[in-house]
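Inspection log for the structure reproduced underneath, given as structure tokens.
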Amino acid sequence: MVVRLARCSLWLALASSSGFATNAGAFVQVGDTLVSALIMFLGNEEKVYILDKAEGNAAAINGHPAWGSVWDISTQQATVMDVRTNTFCASGMHLPNGSYVTFGGNGAVGRGGFVGSQRNANGFGTWDSEYQDFDGSRGIRILNPCPDSESMSSPSCQWFDDPSVLSMQKQRWYAGTEALADGSVALIGGFVNGGYVNRNYPNVDPEFENGAAESTYEIFPANGRAAQTMQFMIKTSGLNSYAHAYLLNSGKMLVQANISTVIWEYNNNVETHLPDMPNNVARVYPASGAVAMLPLTPANNYTPTILFCGGVSMPDEAWGSYSQPAVNTWNHPASRDCQRLTPEPPDGSQPKYEADDDMLEGRTMGQFILLPDGTMLVINGALNGTAGYSFATGETPSPADMPYGMSLAAAPLGTPAIYDPNAPKGQRWSNTGLGTSQIARLYHSTAILLPDASVFVAGSNPNTDVNLTTVFPTTYKAEVFYPPYFRASTRPVPSGIPKSISYGGQPFDLTLSASSYTGSANEAAKSATVVLLRGGVSTHAMNMGQRYLQLNNTFTVQKGGKIVLHVAQAPNPNVFQPGPALLFVTISRIPSIGKMVIVGNGQLGMQPTNAPSTLPQSVLLESDGSGNATNDRPALNGAGTGTVGTLAVVLNALCLAVILAPVVLRLFCTVPHHNVPPEMVGIRIDRDTAEAVTADTLT
């Protein structure tokens, strides 16, 4: 109870609107992640989960080096976790019930990253006697994030990682990954056995690359669906690792790799080709541009637009082959170019790329983090070169002559920048007031949004195994970056946040007291937004599954300055797929503490979808000119239909009663598993149930 009260006090202190102006725009070092953060995601309001590749980390577990850990946000301490298979360059995604899953990886390796001591007939590592990692190339690993109220030593709180029980149909390394409307996951392409780019050179076998390329896609869970060849993976051979994939409102998917783009109807495996990426700039790994979907808002009618920034443009032959690049990549400046693409224009016109404001500087391995205020942070990366590492290049054949160790990039960029999608063209980028990290964040760096709306930054390891003495070493130090809104002395503190968000149906109310904002109550209410934000799974300068959805809302401003927000449910599962997300309330672009909710019914399968929520008309508070409230009147800019009367007063009184009730303490101090109501059973997969629940996915 003492621990829970302490955590509750911490939450209330964070939410109490004080102490947020200290570190605005700054990086603060916060501790050691124990393993280098190659893959990272926010599991719940308390913990960040981290995966490294199998390598010789000093931190150990069960007699072998650890390559998994969990970061406690409040204590800023990491604890190692056991992972059986090699997660090197795996992909990942959320599941509808709040669990997370990672896919694929590399074969077993030992010291120096060389093939493990036990090998199959093809020379592929199946296990290593020193590192004790198993082949992860078909791996499916599932984690149910546990709150502090559950013991982390419980098997149900650990990674389920057993390829003999649960595995993909194909070996996949660097697979593209996107969640579908029913909560299943599309897995696109990948390498079979890894390398710099996904091809031999000359490229005479783009489909198979003599057995090294995987040009198929599959769905998890498979439900009897076999892997199928995807022509786009053949067309984009070479530069098609971690293909960028985004579910669209039509239920189709945008897929971008190399310099090609398609809209993909995955149910029937039909591709519609769109224009090529302008200026020959590659955005996928290892060019590694910053790519994200812009915030989906009522103002843009939830129309998806994808922003592509940075990356690298080189002649085709310069990219080389699986073994190494043909050129000294660190001599090639990264691109500043940004392009927007709306794949399904509302006016029915043909989609086309639109040049956007250039970045402030060229950047490779930069990644976008969507912020609750509707802006987009780009962080990490370098001015020159590409992602990946190598012993040599075509121009520098001797490892001893490599100027940056194994790194293929140079000139780290420690200063982030912020992009405002709603600013006038020519004024969208700024780094004014932003600090500079002193830690190089290059290949295998990660970043993720935290519940307090700061950004957790970790990783960087352009090395085949742990190397603490090279130019760009294996990095364990973590930082938190505080965006400019941390200058605010007051932050919103909403009450009434539900545990789950449905698709359509009855709206819900959130209440904000007068202490949640400064200035006019009317202006605060008019500026208020309610946002669902999913940070995704961060790896290789991308956040798989990252998405921002502003829920429609109206408001009632009451005497005394209390604001009641009337909030619509989510539109449909194509717009925002089922699963976990942080719910933020912003006032004047200042965010509240995010609260984890489940969007959808918490289960795999077709999501129940109701008619769009009907909202009452907004109501402002009228004063007599002296600041004294006189009466309520409809807001001139109010959305929705209907009026707010006695029912609203009763509901507000009930909300106040709930705020004052002792049960609130329990709500803050005890987080239900995944925040899923009891009726939302979902797919909890552990050692006892994995075989029965997902037998159709076995190979």
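The values are calculated or read from the model by the stated rules, or taken from the named source; none is laboratory data. Just so it is clear, the model here is predicted, and its values are computed rather than measured. Backbone-built Cβ (ideal geometry, glycine too); neighbour counts: all protein chains shown. Accessible surface areas use protein heavy atoms only, side chains included; no ligands, DNA or RNA. Shrake-Rupley method; radii C 1.70, N 1.55, O 1.52, S 1.80 Å.
Which ranges mark the strands (runs of 3 or more DSSP E) fully within segment 348-405 that have 2 or more residues being within 16 Å of residue 445 (Cβ to Cβ)?
By residue number, 367-370, 376-379, 382-389.
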Could you count how many residues in segment 452-473 are open to solvent by less than 10 Å² (accessible area, probe 1.4 Å) and under 23 Å from the mean Cα position of the chain (by Cα)? 10
Could you list, ordered by first residue, the pairs with Cβ atoms under 6 Å in which the first is in segment 487-508 and on the phi > 0 side of the Ramachandran plot and the second is surrounded by fewer than 18 Cβ atoms within 10 Å (Cβ to Cβ) and at pLDDT 95 or above, at least 6 apart or interchain? 504/610; 504/611; 504/612; 505/610
Filter result (in a loop (DSSP other than H, G, I, E, B) and open to solvent by 10 Å² or more (accessible area, probe 1.4 Å)) within segment 338-347: 342, 344, 345, 346, 347
Counting just the residues of segment 493-527 that are touching a Pro at 6+ places or on another chain (Cβ under 8 Å) and hydrophobic (A, V, I, L, M, F, W, C), which one comes out farthest from residue 588 (Cα to Cα)? 508
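Could you tell me which of the residues 299, 326, 292 is open to solvent by 50 Å² or more (accessible area, probe 1.4 Å), among the aliphatic types (A, V, I, L, M) and either touching a residue at least 60 places away in the same chain (Cβ under 8 Å) or over 29 Å from residue 464 (Cα atoms) (or both)? Show your work before the answer.
Details: 326 fails: open to solvent by 50 Å² or more (accessible area, probe 1.4 Å); 292 fails: open to solvent by 50 Å² or more (accessible area, probe 1.4 Å).
Criteria check complete, one pass: 299.
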Please state which of the following conditions residue 479 fails to meet, knowing it meets all the rest: (1) part of a strand (DSSP E or B); (2) in contact with a Ser or Thr (Cβ under 7 Å, 6 or more places away or on another chain); (3) buried (at least 23 other Cβ atoms within 10 Å of the Cβ). (3)
Qualifying positions in segment 270-283 - out of contact with any Leu (no Cβ under 8 Å at 6 or more places or on another chain), at negative phi, not hydroxyl-bearing (Ser, Thr, Tyr) and not in a loop (DSSP other than H, G, I, E, B): 270, 271, 273, 278
Residue list for segment 416-428, filter: within 19 Å of residue 292 (Cβ to Cβ) and in a loop (DSSP other than H, G, I, E, B): 416, 420, 421, 422, 423, 425, 428
The correct count of residues that are of a type outside the set (A, V, I, L, M, F, W, C), under 17 Å from residue 359 (Cα atoms) and either free of Cβ contacts under 8 Å to residues at least 24 places away in the same chain or open to solvent by 50 Å² or more (accessible area, probe 1.4 Å) (or both) in segment 390-429 is 7
Conditions: (1) under 26 Å from the mean Cα position of the chain (by Cα); (2) farther than 28 Å from residue 243 by Cα; (3) in a loop (DSSP other than H, G, I, E, B); (4) of a type in the set (S, T, N, Q). Residue 156 meets all but one. Number of the miss? (3)
Filter result for residue 122 (modelled with pLDDT of 95 or more and among the polar types (S, T, N, Q)): no
Note on residue 93: of the conditions (1) part of a strand (DSSP E or B); (2) over 28 Å from residue 224 (Cβ atoms); (3) open to solvent by less than 50 Å² (accessible area, probe 1.4 Å), unmet is (2)
What are the pairs with Cβ atoms under 8 angstrom where one residue, in segment 216-229, is over 16 Å from residue 102 (Cα atoms) and the other, located anywhere, is modelled with pLDDT under 95? Sequence gap at least six, or different chains. 223/696; 224/696
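Identify all residues within segment 244-269 that are out of contact with any Gly (no Cβ under 6 Å at 6 or more places or on another chain), in a strand (DSSP E or B) and closer than 26 Å to residue 571 by Cα; write none if there are none.
Quick first cut of segment 244-269, residues out of contact with any Gly (no Cβ under 6 Å at 6 or more places or on another chain) only: 244, 246-269.
Subset that is in a strand (DSSP E or B): 244, 246-247, 253-257, 260-265.
Within segment 244-269, 244, 246, 247, 253, 254, 255, 256, 262, 263, 264, 265 meet the criteria.
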Quick one: count up the residues across segment 521-556 that are open to solvent by less than 10 Å² (accessible area, probe 1.4 Å) and either modelled with pLDDT under 95 or among the basic types (Lys, Arg) (or both). 2
Looking at (1) acidic (Asp, Glu); (2) open to solvent by 10 Å² or more (accessible area, probe 1.4 Å); (3) under 19 Å from residue 468 (Cα atoms), find the lone condition where residue 52 falls short. (2)
